[in-house]
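Engineer: Questions regarding the structure given below will be posed in turn.
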Amino acid sequence: MTRKYKLTINNQTINVEVDGPTNGILSITIGEITFPVQVTDTNSDSGKYNVKVGDNKHTLHLKPQPNDPGYSVKLEKNTYAAQLISLTDTTTRPILAPTVSTAPTAISPSTRPPSAIAQEASEPGTVAAPLPGRVLEVRVVEGAAVKAGDVLLVLEAMKMANEIRAPQDGTVKAVHVKAGTAVEKGQPMVSII
């Protein structure tokens, strides 16, 4: 699930998106640039975090500011005033400790008639959603060769991440969803020929 934040550093505000962690790595997007970030060591009592951004290691010190929802952030030898506001749950969060909102996520119903969904899902090679949910990750692209059992995408349903696998060997003809797409039971997600 992508978490969105508004980050203010020294009176400049930027939008930040955080995905993950996947295999212990957060994907942090600032503007158009995405950084892989791994928190390698923490001491949350002292506010010290060792992080790895790509191949570069850094030490961060976070200190809450009295009477202010922000933090003093020391990165190596530079100190910044920072505030991170979650646009997901509208609360202030520590920069390296984003939390997932516990509010339920609404799944929008499709505007297509059920008969159209059923017809598309019954076509040979179509991989349909086994239950309603939200696509967390798409792992294939059109034209990719797949073998039976390969993971095509990850679907979040009933608060569980479900790997959706290829039912047969073939080539991906079409990917009908992207990360974040809400799907209904039986809705086509990937076509394999």
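Engineer: Within the set of pairs 6+ apart or on separate chains, which have a first residue in the range 160-183 that is in the same structural domain as V138 (by TED's automatic domain parsing), a second that is modelled with pLDDT under 90 and among the hydroxyl-bearing types (S, T, Y), and C-beta atoms under 6 Å apart?
Structural biologist: Every condition considered, the pairs that remain are A182/S108.
Engineer: For the range 139-153, what are the residues that are under 16 Å from the mean Cα position of the chain (by Cα) and surrounded by fewer than 18 Cβ atoms within 10 Å (Cβ to Cβ)?
Structural biologist: Residues of the range 139-153 under 16 Å from the mean Cα position of the chain (by Cα): 139, 153.
Matches in the range 139-153: R139 only.
Engineer: From the list A161, A148, A106, which residue is assigned to a loop (DSSP other than H, G, I, E, B) and either touching a His at 6+ places or on another chain (Cβ under 8 Å) or modelled with pLDDT of 70 or more (or both)?
Structural biologist: On the way: A161 fails: assigned to a loop (DSSP other than H, G, I, E, B); A106 fails: either touching a His at 6+ places or on another chain (Cβ under 8 Å) or modelled with pLDDT of 70 or more (or both).
On inspection, the qualifying residue turns out to be A148.
The values are calculated or read from the model by the stated rules, or taken from the named source; none is laboratory data. None of the values given here were measured: they were computed from a predicted structure. Here Cβ is always computed from backbone atoms with ideal geometry, including for glycine, and neighbour counts include all displayed protein chains.
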